[in-house]
Amino acid sequence: MNRRELITLLGGAAAWPLAARAQQAAMPVIGYLSGGSAVDERPREISGLIRGLAETGYIEGQNVTIEYRWSEGHKDRLPSIAALAAKAATTTTPIVFLIGANPVKFGLVSSLSHPGGNATGVNLLMNELVAKQIDVLHEAVPSAAVIGFLVNPINPNTVPDTKDAQVAAEALGRKLLVVNAGTEREIDAAFGILVQQKVGALLVHTDPFFLSQREQLVALTARHALPTMYAFRDFVPAGGLMSYGASLTDGSRQVGIYTGRILKGEKPADLPVQQPVKVELAINVKTAQKLGLTFPITLLGRADEVIE
């Protein structure tokens, strides 16, 4: 497969799988396209990808080349999900994806156990965790009568995930306030609405744009003393209160392993879509203290990581 093209799709754990076409070369070339940025992803997703490739015998720069492309959160620079699904069904170029939503729903694969086409990868199940994130946030901030839900309106999972969040909030006897943001300015405006409506806690939806705006979001939640739950652990060391979700690093490592196996001749159709076996809860106690929060012992005991 020295001259065979390979596409690696990495979606920053969002609803989008992201792709880049590799160019033929003397050694295998992996095209890597992401909705994030090099600064955000190199310490996490790229390290996982490189480690997974190494486990199958491929070392970047030695016997494999990786061409990186970043959209920096601009979705207009990415192919649509429908276009990617069509490519997966017709292209001879193998596709490996990292996706937060169900790839069957978007037509990327026929089934999780038998992809059946020219694409496979990792499904982080992020869209299936929204209700649990609401539950854990309520456990941490039981006094919050109104829970905010910050979403990116162009994310294809926004509508179904909002429904799940609404059901979860209603089951707890809480009101859900949904606010939209797809730009830095809209994030600022969204927080103005959250404060005006006296929101007591906030859930930030799974979206690569929000991950790329990590510093802005953490700063705003601190400024407005708003307890916030995130889907990505990356927010917590940066000062975010808590996160609940699958590991992007582990998911990217599995992408690297599948990529290496395909380079060695295996077919995507024969590689089942992988799913995380563990969801991680991370808590920043220092941030909680600044917010005047005291976490229940039961919640702290369940945390996989507690930052003091």
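Checking the a/c ratio against 1.5 first, then a/b against b/c, what shape does the Cα gyration tensor give for segment 144-183? Can you show the working numbers first?
On the way: a/c = 4.71, a/b = 1.67, b/c = 2.82.
Oblate is the answer for segment 144-183, as a/c is 1.5 or above yet b/c matches or exceeds a/b.
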Simple spin-label estimate for His114 and Glu308 in nanometres, 7 Å along Cα-Cβ: 5.3
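How would His224, His114, His138 line up by accessible area, probe 1.4 Å, largest first?
Working: His224 75, His114 125, His138 40 Å².
Output order, biggest surface exposure first: His114, His224, His138.
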Within segment 171-214, DSSP-loop trypsin sites (Lys or Arg not before Pro) with at most 15 other C-beta atoms within 10 Å are Lys198
If amide hydrogens are placed 1.01 Å from N in the peptide plane, which non-local residues have theirs closer than 5 Å to the one on Val104? Val109
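Quick one: length gained pulling Ala219 to Glu128 fully straight, 0.36 nm per residue minus the C-alpha distance? Spell out each step's value before the answer.
Numbers: separation 91, 0.36 × 91 = 32.76 nm, distance 2.75 nm.
Extra length available between Ala219 and Glu128 comes to 30.0 nm.
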Amide H to amide H, which residues 5 or more places from Gly148 or on other chains are under 5 Å from it, using H placed in the peptide plane? Leu177, Gly200, Ala201, Leu202, Leu203
Lysines near Lys132 by alpha-carbon distance under 29 Å, same-chain residues fewer than 8 away left out - which ones? Lys75, Lys105, Lys163, Lys175, Lys198, Lys278, Lys286, Lys290
Roughly speaking, what is the stretch gain from Val104 to Glu139, that is 0.36 nm per residue apart minus the C-alpha to C-alpha distance, in nm to one decimal? 9.3 nm
Can you pull the percent of Cα pairs in segment 168-212 with separation above 11 Å? 70
log10 of Debye I(q)/I(0), alpha-carbon scatterers only, for segment 165-275 at 0.14, 0.16, 0.17, 0.20 Å⁻¹: -0.68, -0.80, -0.86, -1.05
Computed for segment 219-308: size of charge dipole around the Cα centre, +1 on C-beta of each Lys and Arg, -1 on C-beta of each Asp and Glu, debye to nearest 20, value 120
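With charges only on Cβ, +1 for K and R and -1 for D and E, what is the dipole size of segment 161-252 about its Cα centre, in debye, rounded to 20?
Working: 8 positive and 10 negative charges, 72 e Å.
Value, rounded to 20: 340 debye.
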Modelled label-to-label distance, Thr298 and Ala269, 7 Å Cα→beta-carbon offset: nm? 5.0
Through the Karplus equation 6.51 cos²θ - 1.76 cosθ + 1.60, θ set to phi - 60°, convert the phi angles of segment 99-116 into ³J(HN,Hα) values in whole Hz; use x for Gly and Pro. 9, x, 9, 6, x, 5, 4, 9, x, 6, 9, 6, 7, 5, 7, 9, x, x
Rounded if a/c is under 1.5, else prolate if a/b is larger than b/c, else oblate: which is segment 109-188, with a ≥ b ≥ c the root eigenvalues of its Cα gyration tensor? oblate
Give me the percent of DSSP beta bridges within segment 192-308 that run antiparallel, rounded to the nearest 5. 35
Given backbone amide H placed at 1.01 Å from N, residues whose amide H is under 5 Å from that of Glu280, ignoring those fewer than 5 places away on the same chain, are Gly245, Ala246, Ser247
Please work out the FRET efficiency for the pair Ala238 and Val167, using the Cβ-Cβ distance as r and a Förster radius of 35 Å; give the result to the nearest 0.05. 0.70
Tell me the accessible surface of Lys264 in square angstrom (1.4 angstrom probe, heavy atoms of protein chains only), to the nearest ten. 130
Taking 0.36 nm per residue of separation and subtracting the Cα-Cα distance, what length does fully extending Thr56 through Arg185 add? 42.1 nm
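Taking all protein chains as present, what is the carbon and sulfur share of the accessible area of segment 231-308, in % to the nearest whole number, probe 1.4 Å? Don't jump to the answer; show the numbers that get you there.
Working: 1710 of 3570 Å².
Roughly 48 percent of what the probe reaches on segment 231-308 is carbon or sulfur.
The values are calculated or read from the model by the stated rules, or taken from the named source; none is laboratory data. What you see is a predicted model; the values in this text were computed from it and never measured. Every residue, glycine as well, gets a Cβ built from its backbone with ideal geometry; the counts of neighbours run over all protein chains shown. Note: areas computed on protein heavy atoms with side chains; ligands, DNA, RNA excluded. Shrake-Rupley method; radii C 1.70, N 1.55, O 1.52, S 1.80 Å.
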